[in-house]
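S.K.: This is the structure I have questions about; it appears just below.
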Amino acid sequence: MLKEALTILSEGNNRNTVLFAEVLTDIGYYHFYDENYELAIPFYDQATRLYEQQVLRPSTKLGMIYMQFAYCFEKQNKPNHLVATEYYEKAITYFKQGNNQQLLEEALADVITYFERVNNKKKKRQYEDKMVQMLKAQ
């Protein structure tokens, strides 16, 4: 059904709409859920580009998409940790804008775990410090 919706929305002036971005995100998530990370990447890429063009960007949604997008680059057959790192950090930026403390805390914990997995001690420490600062401010 999602591919059919994508086909229908591809016709006409619907290619730059939030609805089109939603369908792209859902297809990306379908592939993500099935652990077909290489297939998810182009859908997340196009969806994030569309969302970022919006005047009122859905910060929390973009944070969630970028977390999944980053994970795809981390877990694909040939991991790209440079891009994964960029997107994990972008996700944190969007979660901060979204003002949802719980999601931000969970995302920070996931990013810290990621940097531990890839043995990037400097970045891990940087995000641990951000987590501590955030928790102190509460």
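S.K.: Between N36 and N120, what is 0.36 nm times their sequence separation minus the Cα-Cα distance? Round to one decimal in nm.
M.R.: Roughly 27.7 nm would be gained on extension.
S.K.: Moving on to the next point. Using only DSSP helix segments of four residues or longer, with each worth -39500 (n - 2.57), what per-residue ellipticity at 222 nm results for the chain after dividing by its residue count and rounding to 500?
M.R.: -26500 deg cm²/dmol
S.K.: Quick one: if the Förster radius is 30 Å, what FRET efficiency do E128 and K75 give, using the C-beta to C-beta distance and rounding to 0.05?
M.R.: Details: r = 23 Å, r/R0 = 0.77.
Given R0 = 30 Å and the Cβ-Cβ separation, E is 0.85.
S.K.: Can you list the DSSP H helices in the chain whose Cα atoms extend at least 20 Å along the helix axis and whose mean Kyte-Doolittle hydropathy is -1.0 or higher?
M.R.: Qualifying helices, which must be both long enough and hydrophobic enough, are 18-33, 37-53, 59-75, 81-98, 101-117.
S.K.: At a 1.4 Å probe, what is the % contribution of carbon and sulfur to the accessible area of the chain?
M.R.: 51 percent
S.K.: Given points 7 Å out from each Cα along the Cα-Cβ axis, report the E89 to E106 separation in nanometres with one decimal.
M.R.: Simple spin-label model gives 2.5 nm for this pair.
S.K.: I'd like to compare 71-80, 48-57: which one has the highest average count of other Cβ atoms within 10 Å, and what's the full order after that? Could the numbers behind the result be given before it?
M.R.: Details: 71-80: 16.2, 48-57: 13.4.
My ranking of the peptides, most packed first, is 71-80, 48-57.
S.K.: Explain nothing, just the number: relative contact order of the chain, from Cα pairs under 8 Å at least 6 residues apart, as a whole percent.
M.R.: 15 percent
The values are calculated or read from the model by the stated rules, or taken from the named source; none is laboratory data. The shown structure was predicted, so the numbers you read here are calculated from the model rather than taken from an experiment. Every residue, glycine as well, gets a Cβ built from its backbone with ideal geometry; the counts of neighbours run over all protein chains shown. Surface areas here come from the heavy atoms of the whole protein model, side chains and all, with no ligands, DNA or RNA. Shrake-Rupley method; radii C 1.70, N 1.55, O 1.52, S 1.80 Å.
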